[in-house]
Amino acid sequence: MPSRKALVRRPVPRLAEGLVTHAERVGVDFGRAVEQWEAYTEVLRAHGWETIEVDPADDCPDSVFVEDTVVMYRNVALIARPGAGSRRGEVPGTERAVVSLGCSVNRVREPGTLDGGDVLKVGETVYVGRGGRTDAAGVRQVRAAFEPLGARVVAVPVTKVLHLKSAVTALPDGTVVGHAPHVDAPSLFPRFLPVPEESGAHVVLLGGGALLMAASAPRTAELFADLGYEPVLVDIGEFEKLEGCVTCLSVRLRELHA
Ligand SMILES: NC(=O)NCCC[C@H](N)C(=O)O
């Protein structure tokens with residue numbers, strides 16, 4: 001039976017020092033960020049997900065973006081090696097969490113780099129963004145870790161945004177959704193649906209037709225509702241200031257064997 005556990009990581013007081021690469025730096029309200037994070041985790045729980053908090057990493061401003069520290073395929077966890085040096089201290093806490101859940105653990109090895117935000121799974125296909133944070137060696141290590149388990153790894157150039165999943169995610173039927181100006185090569189995806197807003201490209205599949213989405217994408221939410229889905233909107237504005245999106249605030253574990 002599929003598990004429904006989600007790793008999350010509480011924002012730390014240094015959050016406002018988080019990295020910005022493609023955006024202008026603007027002030028982050030920590031109190032508001034904590035409220036938004038609480039509301040986000042509550043939506044997961046309300047849809048049947050058990051949230052598991054990874055130990056806080058007080059010295060790592062970006063640690064709330066827990067998705068970047070690990071990639072799951074079945075019950076195998078590939079511990080990332082973040083492309084940004086300031087984020088490497090986030091990794092040990094995530095590794096402890098997945099070990100305690102009984103996952104089999106593999107690690108991206110130096111000098112390769114990989115951010116979890118660059119990995120999008122659609123069925124057995126694992127798209128890996130080769131961009132500012134994930135290098136060619138990182139892509140090769142994803143192949144080495146997951147192809148023996150039956151995955152088909154497809155490398156995707158990412159030049160316009162931070163991570164692959166800043167550009168595209170996928171609906172429950174496997175249709176890849178993205179904001180076209182940010183997608184380098186939409187033809188790599190068998191079915192691609194353009195959406196009208198940047199943050200409309202980001203969906204977290206909550207189960208059934210429910211889609212967790214950012215409140216900043218109301219027109220895309222309407223589009224998805226019109227296709228028979230149930231968008232559940234959350235305000236993650238403080239995290240968007242740091243180039244975060246709904247996917248990066250959790251890691252969903254669907255196939256644990258523990
Ligand atoms: N997977 C994601 O979209 N992660 C967002 C990371 C944002 C963070 N400020 C960073 O630049 O690493």
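The values are calculated or read from the model by the stated rules, or taken from the named source; none is laboratory data. Since the model is a prediction, treat every value here as computed from it, not as a measurement. Please note: Cβ atoms are built from the backbone with ideal geometry, for glycine as well, and neighbour counts cover all protein chains shown. Note: areas computed on protein heavy atoms with side chains; ligands, DNA, RNA excluded. Shrake-Rupley method; radii C 1.70, N 1.55, O 1.52, S 1.80 Å.
Here are the numbers:
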item	result
Some residue of the range 183-199 being part of a strand (DSSP E or B), at pLDDT 95 or above and within 16 Å of the ligand (Cβ to nearest atom)	no
Hits in the range 20-49 (condition: loosely packed, with under 15 Cβ neighbours inside 10 Å and of a type in the set (A, V, I, L, M))	Val20, Ala23, Val26, Ala39, Ala46
Every residue from the range 1-19 that is open to solvent by 40 Å² or more (accessible area, probe 1.4 Å), part of a loop (DSSP other than H, G, I, E, B) and within 26 Å of Pro231 (Cβ to Cβ)	Pro2, Arg4, Arg10
Residue in the range 224-232 that is closer than 24 Å to Thr21 by Cβ and open to solvent by less than 40 Å² (accessible area, probe 1.4 Å) present	no
Filter result for Gly83 (in contact with a His (Cβ under 8 Å, 6 or more places away or on another chain) and either at pLDDT 95 or above or open to solvent by 10 Å² or more (accessible area, probe 1.4 Å) (or both))	no
Single condition Val64 does not satisfy, out of (1) more than 16 Å from the chain's Cα centre (by Cα); (2) surrounded by 21 or more Cβ atoms within 10 Å (Cβ to Cβ); (3) assigned to a loop (DSSP other than H, G, I, E, B)	(1)
Filter result (more than 18 Å from Arg81 (Cα to Cα), open to solvent by 40 Å² or more (accessible area, probe 1.4 Å) and in a strand (DSSP E or B)) within the range 122-168	Arg152, Pro157
Some residue of the range 90-112 being open to solvent by less than 20 Å² (accessible area, probe 1.4 Å), more than 18 Å from the chain's Cα centre (by Cα) and within 28 Å of Asp235 (Cα to Cα)	no
